[in-house]
Amino acid sequence: QVQLVESGGGMVQAGGSLRLSCAASGRTFSGYAVGWFRQAPGKEREFVAAISWSGGSTNYADSVKGRFTISKDNARNTVYLQMNSLKPEDTAVYYCAAKYGLMSILQYQYDRWGQGTQVTVSS
């Protein structure tokens, strides 16, 4: 079974950048789609971005489109979320998740989750 570990969170000023990593252990990401979700204080967890198992297809929430980029390095068993032009409203705990098969924006379809990494954007 694939296990996920996120890293790369931290504190940054508005307009700055961060790159989150989601590393797989236990097995490879082969056949798994990976999604990033986030949960801000007092809010529901929401979809951010997803990538297909091949890396050939991606999907983004409207709120991050054009600023965030999801990518996959199969050799390193790692999925990245490059976050540019960060805004205070991007502050949240970011989670990566994996599901076998097609990518999805629906979090209930993901059955493997990481522990989360905090991203804080100051104004």
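A few remarks follow.
- Across the chain, Cα pairs under 8 Å and at least six residues apart give a relative contact order of 36 percent.
- In order along region 27-40, phi translates into HN-Hα couplings of 6, 7, 7, 3, x, 9, 7, 10, x, 10, 10, 9, 9, 8 Hz, rounded to whole numbers, per the Karplus curve 6.51 cos²θ - 1.76 cosθ + 1.60 with θ = phi - 60° and x for Gly and Pro.
- Over the chain, accessible surface divided per residue gives 51 Å², non-protein components excluded, 1.4 Å probe.
- In sequence order, calculated HN-Hα J values of region 113-123 (Karplus, 6.51, -1.76, 1.60; Hz; x Gly/Pro): 10, x, 8, x, 9, 7, 10, 10, 10, 9, 8
- Approximate shape of the chain as ellipsoid semi-axes (Cα gyration tensor, √5λ), whole Å, largest first: 23, 14, 13
- Under a 5 Å amide H cut-off, with hydrogens placed 1.01 Å from N, Met103 pairs with Trp53 among residues at least 5 apart or on other chains.
- Once the Cα-Cα distance is subtracted from the 0.36 nm per residue extended length, the Arg19 to Ser104 segment shows a gain of 28.4 nm.
- For region 34-116, GluC sites (Glu not before Pro) meeting the loop criterion (DSSP other than H, G, I, E, B) and having at most 13 other Cβ atoms within 10 Å: Glu44.
- Heavy-atom accessible surface of the chain: percent carbon and sulfur, 1.4 Å: 47 percent
- 10 Å Cβ shell holding at most 11 others, DSSP loop, trypsin sites (Lys or Arg not before Pro): longest site-free stretch of the chain: 66-123
The values are calculated or read from the model by the stated rules, or taken from the named source; none is laboratory data. Note that the coordinates shown come from a computational prediction; the quantities given were computed from them, not determined experimentally. Glycine gets a Cβ as well: all are built from the backbone with ideal geometry, and neighbour counts include every protein chain shown. When the accessible area is computed, the model is the full protein with side chains, heavy atoms only, and any ligands, DNA or RNA have been set aside. Shrake-Rupley method; radii C 1.70, N 1.55, O 1.52, S 1.80 Å.
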